[in-house]
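Visitor: Once you've had a glance at the structure underneath, I'll fire off some questions.
Quick note: the coordinates plus some simple rules give every number you see, no bench work behind them. Only a predicted model underlies this, so the values are computations on that prediction, with no experimental measurement involved. So basically every Cβ, Gly included, is an ideal-geometry build from the backbone, and we count neighbours across all protein chains shown.
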Amino acid sequence: MAINKNHEFEEVDGVKCGIVEKNVNVERVQFLQNLLSLNNYTVKVQASPPPKVAPEPAAPEAPSTFTVGVTDISFNPINAIFGRALKTEDGKIVSLAYWQQKELVSDIETPYFNK
């Protein structure tokens, strides 16, 4: 059971994991896998279950989505980002905009309201 919505854990690929994100596309999976592996986390990925609502027969097939987790069940993405615990390949601290893939380079020096 999760402490709160930001600290979920469940089995991913047969291993109990702290959930990083659910229902993410392949590009996001690659980004998170690279970033978290660089920060010494063991990353597990599995296909997300299909939506509970039955799709219309004529609707095109929805793209596959995935659940990303790390084997450290104490991992909390919010605490990791705002606690400045994650670093990029070049040693910079991961900013929220970088985590959300809104910026290509992490910049924690410039306040968000000046961007």
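Visitor: Distance cut-off 31 Å, Cα to Cα: go down the list Lys44/Lys115; Lys16/Lys52; Lys52/Lys87; Lys52/Lys92 and report the pairs above it.
Guide: Working: Lys44/Lys115 34 Å; Lys16/Lys52 23 Å; Lys52/Lys87 36 Å; Lys52/Lys92 40 Å.
Among Lys44/Lys115; Lys16/Lys52; Lys52/Lys87; Lys52/Lys92, the Cα-Cα distance tops 31 Å for Lys44/Lys115; Lys52/Lys87; Lys52/Lys92.
Visitor: Which ³J(HN,Hα) values in Hz, rounded to whole numbers, follow from the phi angles of region 45-50 under the Karplus curve 6.51 cos²θ - 1.76 cosθ + 1.60, where θ = phi - 60° and Gly and Pro get x?
Guide: Result, rounded to whole Hz: 10, 9, 5, 6, x, x.
Visitor: Taking amide H positions as placed in the peptide plane 1.01 Å from N, state which residues far from Glu10 in sequence (5 or more) or on other chains have amide H under 5 Å from it.
Guide: Under 5 Å from the amide H of Glu10: Cys17, Ile19.
Visitor: Let me check I've understood the local charge: for Leu35, count other residues with C-beta under 11 angstrom from its C-beta, Lys and Arg +1, Asp and Glu -1. What total comes out?
Guide: Details: positive: Arg28, Lys87; negative: Glu89.
With Lys, Arg at +1 and Asp, Glu at -1, the net is +1.
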